[in-house]
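Shown next, in structure tokens, is the structure this report addresses.
The values are calculated or read from the model by the stated rules, or taken from the named source; none is laboratory data. Quick caveat: nothing in here was measured; it's all calculated off a predicted structure. With ideal geometry, Cβ positions are generated from the backbone for all residues, glycine too; neighbour counts draw on all protein chains shown. Note: accessible area is taken over every heavy atom of the protein model, side chains too, but ligands, DNA and RNA are not part of it. Shrake-Rupley method; radii C 1.70, N 1.55, O 1.52, S 1.80 Å.
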Amino acid sequence: MLNFKECINEIKKIKTKNYCLIIGGEGTNNARSPKIWNRILKKNKINCKMIPLEVRKSHLVVLLNYLRKDAKFLGGSVTKPYKEDIFKFLGNNLDIFTKKIGSVNCLYKNKKLFGLNTDGIGFFETLKKNKVDKNLKNVLHLGYGGVGKAVLVFLRKYFSKKTTIYCATRKNFSKKITNIGCKWIQWNKMNKSLKNMNVIVNSTSLGFDKQNKKTPIILKEKNKLKLVYDVIYNPKKTILLKNSQKFGIKTINGLDMNML
């Protein structure tokens, strides 16, 4: 983890005209974003480079103050555990949906430093791309973490007012979920509601990477389900998606959401 001076030293090593960052805590150096974006920047002959910075929390604000004044800094990504901290730092420099979400995963410069949450936007666009019926009756959303908050806000944006959107969590987030216009369900009681659901969206980490043998729910029949969306893209087919496909339910994974 780097302090402010160490962060600046890493930034000064960048020889391109401009630079972007992925800012986060421990593990940020292993992020794939810099490799992907640096290939894109190079291919398009853009004189810019992205690097990861594992920043100490106590030095986060002073780094952000430096970045908003540095003309060479164009923006970048924000990863755990600083999505909510940087959201608070940006104040009103956020769009209306990001304010509802309460966290950012993207920074950009337009004279001032602004933040966005692209998880929700990407999710919303995949619903449009797949022409999901906006007037379905019941939607069940699982989880209320970093990605989950964004997905829930854009679920409410996408579906009609006639659609009831439920959010199941282990902790009681009923007040926050109600403020978005959705209904909270206790995690251990959500199975009782499955028979009435038209859509299930998993925004938990259950099934991701090393947790690939886990799943938030096991479907025993199709009932009224028309779509199961798992925001996980590694593996491409989680146990939840495989289980859903057995019943002929349409499935979507998180790959498109991250590519849009």
Open item on the list: Quick check on the stretch 167-185. Is at least one of its residues open to solvent by 40 Å² or more (accessible area, probe 1.4 Å), in a strand (DSSP E or B) and over 28 Å from Gly25 (Cβ atoms)?
Closed with: yes
TODO: Kindly indicate whether Lys214 is open to solvent by 60 Å² or more (accessible area, probe 1.4 Å), charged (D, E, K, R), farther than 18 Å from Asp119 by Cβ and in contact with a Leu (Cβ under 9 Å, 6 or more places away or on another chain).
DONE: yes
- [ ] Name the one entry in Leu142, Leu136 that is within 30 Å of Gly76 (Cβ to Cβ), modelled with pLDDT of 95 or more, buried (at least 17 other Cβ atoms within 10 Å of the Cβ) and of a type outside the set (Phe, Trp, Tyr).
- [x] Leu142
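For every residue, the table says whether it meets (1) surrounded by fewer than 14 Cβ atoms within 10 Å (Cβ to Cβ); (2) at pLDDT below 95.
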{"residue": "Asp85", "(1), (2)": "no, no"}
{"residue": "Leu94", "(1), (2)": "no, no"}
{"residue": "Asn105", "(1), (2)": "no, yes"}
{"residue": "Lys111", "(1), (2)": "yes, yes"}
{"residue": "Phe114", "(1), (2)": "no, no"}
TODO: Kindly indicate whether any position in the stretch 102-118 is charged (D, E, K, R) and under 14 Å from the mean Cα position of the chain (by Cα).
DONE: no
